[in-house]
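One structure is given below, encoded as structure tokens.
What follows is calculated from the coordinates using simple rules that are stated; it is not laboratory data. Small disclaimer: the values here were computed from a predicted structure and weren't measured. Note that we place each Cβ from the backbone using ideal geometry, even for glycine, and neighbour counts take in every protein chain shown.
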Amino acid sequence: MLDKAKISDTLNIVRELSKKRKFDQSVDLVLNLIDINPKKQEDAVDIFVILPIHRKKTVRICALIDKNLIEKAKIFDRVIIKEDLQKLAKKEIKEISKLYNFFVAQITMMPAVASAFGKILGPLGKMPSPKIGCVITPESDLEDLKRRLQKIIRIRTRNEPIIKASVGVESMKDEELIENISAIYSGLIGALPQEERNIKNIGLKLTMGPSVKIGSKKEDVIKELDQKNLKKKKMKDTGLEKKKSEKETKKPKKDKTSGKKEETKK
């Protein structure tokens, strides 16, 4: 089980060691896994978690529907009807896929959506999922769906045994962030073949800050960061020295014909 006091201490360290930015940085959860191979179907993780606290992030939703749902679907950020879907170029579809977090599709539209969007939305994990109610009918409560999607996050492994998830922003209270962290942790434990034994360690970080393992002491984190910075400096200095040395060894080639030309002129 997660120790909430340790999470709170780690959040304090993360905030102290991260420079203040002009934007509200994301608080990211990093879970390193062990004894699993994400490339194997039986080890892969792909779940949806409903967070108890809104992450204060804008969740953009695109609806792909027939004309009979236009009015109800206007609550979403963008509505694309069947006729317009067929006119979209591949480049436009790629741009749309990046702009929206979730895609909602009317059940009668799914074949057309799979044909037009499948190859692009599939790898991104954004195909309309019936698991979270994103495949809809005229009877679906779209207002409720929109509210729920604001708090839903997808947790999945890709090619490496690591999971990264945004749990909120730095302006949120520790208690709120801890609730979201606990929800993701509980959901993940239930999806892992060996539950907690598959979790190697857990870290927290801000968008532009260093990752800090939960339970770490501040002095140990600072020492580790100093060592990393020193290593980077040495690598940079070595690179500069190498470039300088290469520059000095390269002598400009003399034009062998210049002397002959001068003699010819005389």
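With +1 on each Lys and Arg Cβ and -1 on each Asp and Glu Cβ, how big is the dipole of segment 61-149 about its Cα centre, in debye rounded to the nearest 20?
On the way: 16 positive and 11 negative charges, 85 e Å.
About 400 debye.
Using just the helices of the chain, give the 222 nm mean residue ellipticity in deg cm²/dmol: DSSP H runs with n ≥ 4 each add -39,500 (n - 2.57), and the total is spread over all residues, rounded to 500. Before the final figure, lay out each step's value.
Numbers: 9 runs with 115 residues, N = 266.
It comes out at -13500 deg cm²/dmol, rounded to the nearest 500.
For the chain, treating each Cα as an identical point scatterer without solvent, what Debye log10 I(q)/I(0) comes out at q = 0.16 1/Å?
With one equal scatterer per Cα and no solvent, log10 I(q)/I(0) is -1.23.
With θ taken as phi - 60° and the coefficients 6.51, -1.76 and 1.60, list the Karplus ³J(HN,Hα) couplings across segment 157-168 in order, rounded to whole Hz; mark glycine and proline as x.
Result, ordered by residue: 8, 10, 9, 10, x, 8, 10, 10, 8, 7, 9, x Hz.
How much length, in nm to one decimal, is gained on full extension between Ile107 and Lys94, taken as 0.36 nm per residue of separation minus their Cα-Cα distance? It would help to have the intermediate numbers written out before the result.
On the way: separation 13, 0.36 × 13 = 4.68 nm, distance 2.21 nm.
Result: 2.5 nm gained on full extension.
Starting from the Cα of Ala44, step 7 Å along the direction of its Cβ; do the same at Lys228; then give the gap between the two resulting points in nm.
The two pseudo-label positions are separated by 3.0 nm.
I need the calculated FRET efficiency for the pair Asn32 and Lys217, taking r as the beta carbon distance and R₀ as 25 Å, to the nearest 0.05.
0.85
What is the chain's relative contact order, in percent, from Cα pairs under 8 angstrom and six or more apart in sequence?
On the way: 347 pairs, mean separation 93.4, N = 266.
Once normalised by length, the contact order is 35 percent.
Order of Met1, Met208 from fewest to most other C-beta atoms within 10 Å? Don't skip to the end; give the middle numbers.
Working: Met1 8, Met208 12.
So the residues, fewest neighbours to most, are Met1, Met208.
Once you've got the Cα coordinates, tell me which of Lys22/Lys146; Lys151/Lys217; Lys67/Lys131; Lys72/Lys119; Lys94/Lys205 are over 26 Å apart.
On the way: Lys22/Lys146 29 Å; Lys151/Lys217 32 Å; Lys67/Lys131 24 Å; Lys72/Lys119 28 Å; Lys94/Lys205 30 Å.
Over 26 Å Cα-Cα: Lys22/Lys146; Lys151/Lys217; Lys72/Lys119; Lys94/Lys205.
Please identify the trypsin sites (Lys or Arg not before Pro) of segment 132-230 that satisfy two criteria: DSSP loop assignment and at most 16 other Cβ atoms within 10 Å. Which are they? Intermediate results must be reported in sequence, preceding the final value.
Values: sites: Lys146, Arg147, Arg148, Lys151, Arg154, Arg156, Arg158, Lys164, Lys173, Arg197, Lys200, Lys205, Lys213, Lys217, Lys218, Lys223, Lys228; in loops: Lys151, Arg158, Lys173, Lys217.
For trypsin sites (Lys or Arg not before Pro) across segment 132-230 that sit outside H, G, I, E and B with at most 16 neighbouring Cβ atoms in 10 Å, the list reads Lys151, Arg158, Lys173, Lys217.
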